[in-house]
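Chemist: First the structure, then my questions, so here it is.
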Amino acid sequence: MNTAKFEKLLREEKQQIEETLSSVGTKNPKIPGDWEPSYPDLNVDPSDRNDMADEVEEFDNALGVEVALEEKLREIDAALDRIPTGDFGKCTVGGEYIDEARLEANPAAKTCIKHSQ
Ligand SMILES: [Zn+2]
């Protein structure tokens, strides 16, 4: 299997995710790979509850995006870790080779289609 091609795809995707993460959060300097969503400025006049609700909703959205991206980043890192050990492209459940078309669509895929459910 041409792992160099997939390694390139994974690194490109990782870079894109890190760029997106830096727009919705900040890197936690204490925990590598951990990101914290940027807190909105909650300095809203308490009499203006609609503004407050908007701010909270905005934060909730950022949190959801942040969590999903962080999870994706972890999957990518795990996939990159499997390249030097020769385990890249093998299903982590059954050990069989993952269909190359599936890896092209998602190079971070951990399992074959059968074991993805
Ligand atoms: Zn499998």
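The values are calculated or read from the model by the stated rules, or taken from the named source; none is laboratory data. As the structure is a computational prediction, the values presented were derived from the model and not from experiment. Cβ placement follows ideal geometry from the backbone for every residue including glycine, while neighbour counts extend to all protein chains displayed.
Chemist: Looking only at segment 65-95, how many residues end up being of a type outside the set (S, T, N, Q), farther than 18 Å from Ile17 by Cα and either within 16 Å of the ligand (Cβ to nearest atom) or in contact with a helix residue (DSSP H, G or I) (Cβ under 7 Å, 6 or more places away or on another chain) (or both)?
Modeler: Residues that pass the stated criteria total 10.
Chemist: Let me ask something else about it. Do you know which residues across segment 52-76 are over 12 Å from Pro37 (Cα atoms) and surrounded by 14 or more Cβ atoms within 10 Å (Cβ to Cβ)?
Modeler: Across segment 52-76, the qualifying residues are Met52, Glu55, Lys72, Leu73, Glu75, Ile76.
Chemist: Within segment 38-63, which residues are in contact with a Ser or Thr (Cβ under 9 Å, 6 or more places away or on another chain) and modelled with pLDDT of 75 or more? Steps first, please.
Modeler: Just the residues of segment 38-63 that are in contact with a Ser or Thr (Cβ under 9 Å, 6 or more places away or on another chain), to begin with: 38, 59, 62.
Phe59, Ala62, listed by residue number.
Chemist: Quick one: how many residues across segment 96-107 are more than 8 Å from the ligand (Cβ to nearest atom) and either closer than 17 Å to Gly86 by Cβ or not hydrophobic (A, V, I, L, M, F, W, C) (or both)?
Modeler: Residues that pass the stated criteria total 8.
Chemist: What residue, among those in segment 108-117 that are crowded, with 16+ Cβ neighbours inside 10 Å and of a type in the set (A, V, I, L, M, F, W, C), is farthest from the ligand (Cβ to nearest atom)?
Modeler: Residue satisfying both the conditions and the ranking: Ala108.
Chemist: With the requirement that a residue be touching a residue at least 24 places away in the same chain (Cβ under 8 Å) and over 16 Å from Ala4 (Cα atoms), what does segment 68-108 give you?
Modeler: Selection gives Leu69, Glu70, Lys72, Leu73, Arg74, Glu75, Cys91, Tyr97.
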